[in-house]
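Inspection log for the structure reproduced underneath, given as structure tokens.
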Amino acid sequence: MVLVHVVEPLPYGIARWYEPTKLLEHYGEVASGELARFEKEATQLYPKCRSELHFAVVHEVIGELVSKLSVDLIVMSMRGQTHLLDLLIGGTAEKILRYAPCPVLRIRTV
């Protein structure tokens with residue numbers, strides 16, 4: 001089992017309001033902390049579980065990992081977000097569903 005967290009590139013134009021490097025560093029730190037917590041819990045049940053943090057486009061990373069690791073199931077965790085974010089994430093999930101050569105299970109977490 002491999003836990004994967006992908007931090008996507010910042011939206012175009014974000015540099016007008018924020019310093020992009022600091023924002024990506026912040027997202028990376030938050031993602032790394034969440035991933036470490038999930039990995040700690042998962043390794044109690046699945047000792048061979050490991051995690052990977054990527055900075056890229058989600059569906060591209062997932063596609064590469066599916067091929068590289070001969071994945072037989074993708075489980076995508078979705079948090080309760082606003083409707084707008086749900087639509088944006090739904091687009092990512094839809095791309096993964098459309099192109100994945102294996103089953104995809106989407107779960108909503110609280």
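Readers should treat all values here as calculations from the given coordinates under stated rules, not as data from a laboratory. Given the structure is predicted, the values throughout are model-derived calculations rather than measurements. We place every Cβ from the backbone using ideal geometry, glycine too, and count neighbours over all the protein chains shown.
Here are a few things to note about the model shown:
- As a rough guide to protection, the peptides 48-55, 3-10, 65-72 ranked by mean Cβ packing within 10 Å, highest first, stand as 3-10, 48-55, 65-72.
- 17 Å Cα-Cα reach of Lys48 towards lysines, excluding residues that sit fewer than 8 places from it in its own chain: Lys40
- Residue-span extension gain [Glu94 to Ala31] - 0.36 nm each, minus C-alpha spacing: 20.5 nm
- In nm, spacing of pseudo-spin labels at Lys68 and Thr21 (7 Å Cα→C-beta vector): 2.6
- Inter-part distance where region 48-69 and region 91-110 are each reduced to a Cα centre, Å: 13
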